[in-house]
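Input: a single structure, listed below in structure tokens.
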Amino acid sequence: MPIFAAADRTNLYYTDEGSGTPLLLLSGLTRNSDDFQYVIPHLRQRGDVRIITMDYRGRGKSDWADPATYSIAHEAQDALDLLDHLGVNSTAILGTSRGGLIAMALAATHKSRLIGVALNDIGPEISQTGMDAIRAYVGRNPAAQTYSEAANMRAQLMVGFANVPASRWHEEVHTHYRQTPDGLKINYDPRLSETIVPPPDTPLPDLWPLFDALAGLPICTIKGENSDLFTQVTLDKMLAKRPDMMHAVIKDRGHVPFLDEPAAVQTLNKWLDCL
């Protein structure tokens, strides 16, 4: 299992395959590198992309760490440490949700390391409805005791999704949960909730300067049509600032699209062709 040590010696899991344009895939808040299991076959098919993934500290196959380090700043530094470990001077980033925030943060602090950014269902304004939904689940184990029960529950609870095969939800729960003698457990450190989610009524920081830091880089945005985190209003504001931004709105998807939807694949390929 490929592991590298972050600056504070936390062991972090990563994968590195293919050759060509480096593309670092950064997952969502509680997710891990398996977040990209549906788009990676399409990236492999291109034959010109070096596909790099990592599990953030406290998630997936990476070590748990001091909860104070479960922050965008630390995770951005971990990403830079991975690039250094692999000898990659600059890379494109495809960031899902939190991964997109990390990508924008890196554009503000280490822009020379980036050659392009793709955002999956995230922008510089985050809906309060979506934040409330995050507060409701982060750090909590599922009520389901088996993967089958969890898949059925997920199909009912995932807001904004339609026309998703039952098999997809079964695959998803194997990514998000671990089977233990005591039932299913979340596949990340429950203490993530201590530092990730701000208290209710806490104003969110102004993230527009981070989006503005993407100036001059090829960017694209994938949005779930029914996302409760990333609104059409925010996408329109982004397009007003960056009319050259490639984008797609994915029908029957909430937060977040799987990225193997035809419109998502087409848009990502168009973006990759510009790098």
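Some observations on this one:
- Matching residues in segment 6-28 - criterion: being of a type outside the set (Ser, Thr, Tyr) and either surrounded by 19 or more Cβ atoms within 10 Å (Cβ to Cβ) or not assigned by TED's automatic domain parsing to the domain that holds residue 100 (or both): 6, 12, 22, 23, 24, 25, 26, 28
- Residues being of a type in the set (Ser, Thr, Tyr), within 13 Å of residue 49 (Cα to Cα) and assigned to a strand (DSSP E or B) - total across segment 1-25: 1
- For segment 153-167, the set of residues classified as part of a helix (DSSP H, G or I) and under 24 Å from residue 129 (Cβ atoms) consists of 153, 154, 155, 156, 157, listed by residue number.
- Here the helices (runs of 4 or more DSSP H) wholly within segment 178-275 that include at least 3 residues being under 30 Å from residue 146 (Cβ atoms) are 192-196.
- Residue check for residue 147: modelled with pLDDT under 95 and aromatic (Phe, Trp, Tyr): no
Residues checked against (1) within 18 Å of residue 192 (Cα to Cα); (2) in contact with an Asp or Glu (Cβ under 6 Å, 6 or more places away or on another chain):
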{"position": "32", "(1), (2)": "yes, yes"}
{"position": "62", "(1), (2)": "yes, yes"}
{"position": "76", "(1), (2)": "yes, no"}
{"position": "101", "(1), (2)": "yes, no"}
{"position": "114", "(1), (2)": "no, no"}
{"position": "134", "(1), (2)": "yes, no"}
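- Cross-chain or 6+ apart pairs with Cβ under 8 Å, segment 178-193 first and closer than 24 Å to residue 68 by Cα and in contact (Cβ under 8 Å) with a residue 24 or more places away in the chain, then surrounded by fewer than 19 Cβ atoms within 10 Å (Cβ to Cβ) and among the aromatic types (Phe, Trp, Tyr): 189/64; 191/64
- Scanning segment 238-265 for residues that are of a type in the set (Gly, Ala, Ser) and touching a strand residue (DSSP E or B) at 6+ places or on another chain (Cβ under 7 Å) yields 248, 254, 263, 264.
- A single member of 59, 50 is free of Cβ contacts under 8 Å to residues at least 40 places away in the same chain and basic (Lys, Arg), and it is 50.
The values are calculated or read from the model by the stated rules, or taken from the named source; none is laboratory data. What you see is a predicted model, and the numbers here were worked out from it, not measured in a lab. Glycine also receives a Cβ, built like all others from the backbone with ideal geometry; neighbour counts cover every protein chain displayed.
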